[in-house]
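The next block holds one structure in the form of structure tokens; read it before the comments.
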Amino acid sequence: AQSVTQLDSQVPVFEEAPVELRCNYSSSVSVYLFWYVQYPNQGLQLLLKYLSGSTLVKGINGFEAEFNKSQTSFHLRKPSVHISDTAEYFCAVGQAGTALIFGKGTTLSVSS
Amino acid sequence: KAGVTQTPRYLIKTRGQQVTLSCSPISGHRSVSWYQQTPGQGLQFLFEYFSETQRNKGNFPGRFSGRQFSNSRSEMNVSTLELGDSALYLCASSSNPTRTYNEQFFGPGTRLTVL
């Protein structure tokens with residue numbers, strides 16, 4: 001069975017500071033990995049995905065994530081955050097033909 | 001291209017009632033998945049429909065059901081509502097989930113409140 005653990009439920013940071021949102025997964029087979037963002041009163045938007053190939057994945061809004069197979073991690077990073085990055089972030093794992101399994105989310109709060 | 005639409009956006013029901021939520025996928029997408037989002041449990045998979053057939057099902061009681069029509073639009077129904085059914089219900093569509101991973105596109109959700 002697959003599972004996803006987001007290690008921090010809340011991450012407060014100041015504007016222009018770097019941020020890392022941590023995600024560990026568990027799976028006995030090869031999986032695809034994703035990060036989604038959810039702004040208040042909205043659905044989920046895909047930030048980036050790892051399907052295969054380069055372990056460093058770049059996404060929208062300046063976010064990137066690194067797939068680490070040995071540590072079963074897929075941490076999300078941004079070198080300099082903005083107020084507008086305040087949102088909830090979800091890490092998810094999936095395989096072709098199966099449903100996505102989501103972590104419980106990390107609330108990123110950016111203040112000035 | 002229009003995104004995934006969900007109706008209604010907000011619903012208030014009382015315990016024991018039933019409710020039907022609707023989801024229209026992106027044009028050309030044949031797969032629709034439903035998720036329940038609550039503060040305590042996060043996002044949990046309900047079921048997925050592809051070409052009018054249920055392909056995957058999550059671990060929810062039989063009170064939760066769904067269907068998909070020939071135009072790919074999907075509905076989910078919850079009967080005998082309980083307070084714990086209060087949640088944001090999200091619908092996601094993708095083009096063809098039987099192949100190598102296809103990206104899922106999410107709608108804005110329906111906020112259901114059970115009183």
Screening B:Ser33, B:Ser72, B:Ser65 for residues that are open to solvent by less than 60 Å² (accessible area, probe 1.4 Å) and either charged (D, E, K, R) or over 10 Å from the mean Cα position of the chain (by Cα) (or both) leaves only B:Ser72
Over the stretch A:59-84, the set of residues over 30 Å from A:Ser28 (Cβ atoms) and out of contact with any Asp or Glu (no Cβ under 8 Å at 6 or more places or on another chain) is A:Ile60, A:Gly62, A:Pro79, A:Ser84
Residue count, the stretch B:10-64, condition touching a Phe, Trp or Tyr at 6+ places or on another chain (Cβ under 9 Å) and more than 30 Å from A:Gln6 (Cβ to Cβ), comes to 2
By residue number, the members of the stretch A:28-39 that are more than 11 Å from chain B (Cβ to nearest Cβ), over 10 Å from the mean Cα position of the chain (by Cα) and either farther than 14 Å from A:Ala96 by Cα or in a strand (DSSP E or B) (or both) are A:Ser28
With criteria (1) more than 23 Å from A:Lys49 (Cβ to Cβ); (2) among the acidic types (Asp, Glu); (3) open to solvent by 20 Å² or more (accessible area, probe 1.4 Å), B:Glu103 comes up short on (1)
Within the stretch B:19-45, residues part of a strand (DSSP E or B) and more than 9 Å from chain A (Cβ to nearest Cβ) come out as B:Val19, B:Thr20, B:Leu21, B:Ser22, B:Cys23, B:Ser24, B:Ser31, B:Val32, B:Trp34, B:Gln36, B:Thr38
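Let's see how each residue does on (1) in contact with a Cys (Cβ under 9 Å, 6 or more places away or on another chain); (2) within 14 Å of another protein chain (Cβ to nearest Cβ); (3) assigned to a loop (DSSP other than H, G, I, E, B); (4) surrounded by fewer than 21 Cβ atoms within 10 Å (Cβ to Cβ):
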site: A:Asn61; (1), (2), (3), (4): no, no, no, yes
site: A:Ala65; (1), (2), (3), (4): yes, no, no, no
site: A:Gln71; (1), (2), (3), (4): no, no, yes, yes
site: A:Leu76; (1), (2), (3), (4): yes, no, no, no
site: A:Ser80; (1), (2), (3), (4): no, no, yes, yes
site: A:Ser84; (1), (2), (3), (4): no, no, no, yes
site: A:Ala96; (1), (2), (3), (4): no, yes, yes, yes
site: A:Ala99; (1), (2), (3), (4): no, yes, yes, no
site: A:Ser109; (1), (2), (3), (4): no, no, no, yes
All-but-one check, B:Leu81 against (1) touching a Lys or Arg at 6+ places or on another chain (Cβ under 7 Å); (2) within 14 Å of chain A (Cβ to nearest Cβ); (3) surrounded by 15 or more Cβ atoms within 10 Å (Cβ to Cβ); (4) assigned to a loop (DSSP other than H, G, I, E, B), failing number (2)
In the stretch A:85-104, anything farther than 13 Å from A:Ser3 by Cβ and modelled with pLDDT of 95 or more is listed as A:Asp85, A:Thr86, A:Ala87, A:Glu88, A:Tyr89, A:Phe90
**OP:** Report yes if some residue within the stretch B:65-88 is touching a strand residue (DSSP E or B) at 6+ places or on another chain (Cβ under 7 Å), among the polar types (S, T, N, Q) and on the phi > 0 side of the Ramachandran plot; otherwise report no.
**Re:** yes
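The values are calculated or read from the model by the stated rules, or taken from the named source; none is laboratory data. Keep in mind the model is a prediction, meaning the values are calculated, not measured. Ideal geometry is used to build each Cβ from the backbone, glycine not excepted, and the neighbour counts take in all protein chains shown. Quick note on the areas: whole protein, heavy atoms, side chains included, nothing else; ligands and nucleic acids left out. Shrake-Rupley method; radii C 1.70, N 1.55, O 1.52, S 1.80 Å.
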